[in-house]
Amino acid sequence: MKEHEIKVGVIGWGTVGSGVVKILVNQDQYMMKPGSFSIKLGKIADLDITTPRDTAVDPSLLTTRVSEIIEDREIDIVVETIGGLNPATDFIRSALKAGKHVVTANKAVLALYSKELFKIAKENKVRIGFEASVGGCIPIIRSLREGLVSNRIQAIYGIVNGTSNYILSEMTDKGMDFSEALKEAQERGYAEADPSSDIEGIDAANKIAILTSLAYESDVKLDSVFVEGVTRVTQRDIQYASELGYRIKLLAIAKLVDNNKLQVRVHPTMLPERSMLASVEGVFNAIYVVGNATGSTMFYGRGAGQMPAASAVLSDIVDISKTIAANANSQLLPSPVLDNTEYSIKPVAEIETRYYIRVQVLDSPGVLAQISGILGDNSISISSVIQKERREGKTVPIVMMTHEAVEKNMQNALKEIDALSVVTPKSMLIRVETMDGEEDNLAIV
Ligand code: HSE
C-alpha cells in the first residue's frame with residue numbers, strides 16, 4: 001500500500017512552534033504512528049527566521065510569508081502557534097478556506113470564534129484540532145469529546161493556568177510574596193508574553209469557555225465567564241486559609257445548576273486541603289470532571305511549557321493524519337457544532353456558595369458586632385471567625401468563613417462593611433468550594 005506523505009506547515013516558530021518542529025524533525029525515534037502514513041515538516045513561517053532555534057531546519061523550509069504556507073498545495077495541515085487574536089484568527093480562517101486542516105493552541109481565538117471556525121471547517125471538509133488550547137499536554141478536549149461523550153456533565157473544576165498555580169504554590173510553600181513568585185514564573189517561561197492574561201484570570205477564562213462549549217455543545221464565549229484573577233491574594237490570605245484547613249487555587253468552574261443553567265466562573269477559590277485539586281502544585285494543571293454516569297474523574301499533567309504543549313499539538317496532527325490516510329474526504333471526528341440552546345448562563349450575582357472574608361478593622365469595642373450585624377441583615381450566617389491579638393498599629397484583621405450565601409447578598413454586605421468608619425477598605429473575599437455532594441443523584445451504580 002502506498003504510504004501517504006502528510007506535510008505540515010508551522011506558522012509561529014516561538015516556544016510551542018519550536019517544540020512541534022523538534023518532535024516533527026526527530027519523530028523517527030519517538031513518535032508512534034501506523035505504517036500507512038508519514039508526517040513531514042513542510043514549511044515554517046515566522047517574522048524571525050534568522051535566530052537559531054534548538055532544532056536545525058533546512059533553510060529552504062523557512063519563510064517570513066504566511067501565504068507561502070496557506071497557498072502551498074502540498075501542505076495538508078497548518079499548525080498555528082503564534083497565539084493572540086490577531087492576525088492568528090485570520091490565518092486560521094484563510095487556512096481552513098484554502099482546504100487545510102488546522103491545529104492550534106490558541107485558546108483566545110477559540111474562546112471567541114470557535115463556532116464560526118468550526119462551521120468554516122465543516123464547509124471546507126477539514127478539521128480543526130485544538131487539544132493544546134486547554135491543559136497543555138492533558139488530553140482533556142479528546143476526553144470530553146470521546147471518553148466522556150455519553151455523560152451529562154454536571155461540573156468541571158479546572159486548575160488550568162500554570163502561571164497562577166505556580167505563583168500560588170510558591171506563595172504557599174515558600175512564603176513568597178506575589179510579585180516575587182510572578183517574576184520566577186516569567187523567568188521559567190510559563191507566563192504568556194503579557195502576564196496580565198494569566199494573573200487576571202483571562203487565560204483560564206478562555207480555557208473554561210472552550211471546555212464548557214464542548215461539554216454542553218453550546219456557544220459559550222469569553223464574555224459569559226465571570227473572571228477574577230489572583231492579583232489580590234496576599235500571603236496573609238494563604239496563611240489564614242491554611243489555618244482553616246484550606247488551600248487557595250485559581251479555579252475555573254463550570255456547573256450545571258437548576259437543570260438547564262450554567263455557572264461559568266474563574267476566581268481564586270479556597271479548597272479543602274484534603275481535596276485532590278488542592279494538592280496540584282506548581283505549573284501542573286488538573287481538570288476534575290463530574291459526569292452523570294462516570295461520577296468524578298480527574299485529569300492531571302503539565303499545563304504549560306514547550307514540550308507538553310507540543311505533545312498535544314502532535315496528538316492532533318497524528319489524529320488528523322489518520323483521517324487523511326483513511327480517506328481524504330472523511331472526517332472521523334468532525335468539528336463540534338455548538339448549536340445547543342438548551343442552556344442559559346446563570347449570573348454570578350445569583351450563585352450560592354460559601355465565603356471567606358478578611359476585613360481590616362480598628363481594634364475597639366463593638367466592631368465585631370457591627371460586622372456580624374451587617375452579615376446577619378444580609379441573610380449571611382457565619383460559620384467561624386478568627387481574630388488575632390494586635391501586634392502593631394491600631395488595626396487587626398478579622399477573618400470569617402460563612403455558610404452558603406447568595407453572592408449578591410455577600411457583595412452588598414461587603415459594601416456596607418467597607419463603608420464603616422472602623423474598617424480599612426478594601427476587604428478581601430474568596431469563594432469556597434467544598435465539592436461535597438457532587439456525586440449525589442448521579443446514575444452511577
Ligand atoms: N500561560 C499559560 C499558563 C500556558 O500559565 O497556563 C499556556 O496555556
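The values are calculated or read from the model by the stated rules, or taken from the named source; none is laboratory data. Here the structure is a predicted model, which is why all the values come from computation and not from measurement. So basically every Cβ, Gly included, is an ideal-geometry build from the backbone, and we count neighbours across all protein chains shown.
Quick one: which of 313, 318 is in the same structural domain as residue 117 (by TED's automatic domain parsing), modelled with pLDDT of 95 or more, under 29 Å from residue 209 (Cα atoms) and among the hydrophobic types (A, V, I, L, M, F, W, C)?
313 is the lone residue from the list that is in the same structural domain as residue 117 (by TED's automatic domain parsing), modelled with pLDDT of 95 or more, under 29 Å from residue 209 (Cα atoms) and among the hydrophobic types (A, V, I, L, M, F, W, C).
Only one entry in 367, 318, 361, 289 is touching a residue at least 12 places away in the same chain (Cβ under 8 Å), of a type in the set (A, V, I, L, M), surrounded by fewer than 22 Cβ atoms within 10 Å (Cβ to Cβ) and farther than 30 Å from residue 419 by Cα, namely 318.
A search for C-beta distances below 7 Å between a residue of the range 42-66 that is touching a residue at least 24 places away in the same chain (Cβ under 8 Å) and any residue that is in a loop (DSSP other than H, G, I, E, B) and among the charged types (D, E, K, R), counting only pairs 6+ apart in sequence or on different chains, returns 42/72; 42/74; 43/72; 45/65. Scanning the range 220-262 for residues that are surrounded by 19 or more Cβ atoms within 10 Å (Cβ to Cβ) and more than 24 Å from residue 163 (Cβ to Cβ) returns 255, 256, 262. Here residue 270 passes the criteria (1) within 13 Å of the ligand (Cβ to nearest atom); (2) modelled with pLDDT of 95 or more except the one numbered (1). Within the set 372, 384, the sole residue that is surrounded by fewer than 16 Cβ atoms within 10 Å (Cβ to Cβ) and in contact with a strand residue (DSSP E or B) (Cβ under 7 Å, 6 or more places away or on another chain) turns out to be 384. The set of residues from the range 188-201 being more than 8 Å from the ligand (Cβ to nearest atom) and touching a residue at least 60 places away in the same chain (Cβ under 8 Å) comprises 188, 189, 193, 201. Within the range 205-240, the set of residues being within 16 Å of the ligand (Cβ to nearest atom), under 19 Å from residue 153 (Cα atoms), in contact with a strand residue (DSSP E or B) (Cβ under 8 Å, 6 or more places away or on another chain) and not in a loop (DSSP other than H, G, I, E, B) comprises 205, 207, 208, 209, 211.
Exactly one residue out of 100, 115 is closer than 30 Å to residue 260 by Cα and either touching a helix residue (DSSP H, G or I) at 6+ places or on another chain (Cβ under 7 Å) or surrounded by 17 or more Cβ atoms within 10 Å (Cβ to Cβ) (or both), and it is 115.
Per the listing 153, 75, the residue uniquely within 29 Å of the chain's Cα centre (by Cα), away from the ligand (no atom under 16 Å from the Cβ) and touching a residue at least 60 places away in the same chain (Cβ under 8 Å) is 153. Could you please let me know if residue 358 is of a type in the set (Lys, Arg) and more than 28 Å from residue 292 (Cβ to Cβ)? Yes: the conditions hold for residue 358. The combined condition, being on the phi < 0 side of the Ramachandran plot, touching a strand residue (DSSP E or B) at 6+ places or on another chain (Cβ under 8 Å) and of a type outside the set (Ser, Thr, Tyr), is not fulfilled by residue 116. Within the range 159-187, being within 14 Å of the ligand (Cβ to nearest atom) and of a type in the set (Ser, Thr, Tyr) holds for 163, 164, 166, 169. Against the criterion of being in contact with a strand residue (DSSP E or B) (Cβ under 6 Å, 6 or more places away or on another chain) and either within 16 Å of the ligand (Cβ to nearest atom) or modelled with pLDDT of 95 or more (or both), residue 307 does not qualify.
Taking the range 157-199, which residues are surrounded by fewer than 18 Cβ atoms within 10 Å (Cβ to Cβ) and either among the β-branched types (Val, Ile, Thr) or assigned to a helix (DSSP H, G or I) (or both)?
173, 174, 179, 180, 183, 184, 186, 187, 196
For residue 286, are the conditions met, namely being under 16 Å from residue 135 (Cβ atoms), under 13 Å from the mean Cα position of the chain (by Cα) and part of a strand (DSSP E or B)? Yes.
All of 388, 408 fail the test of being among the basic types (Lys, Arg), over 30 Å from residue 117 (Cβ atoms) and free of Cβ contacts under 8 Å to residues at least 12 places away in the same chain, apart from 388.
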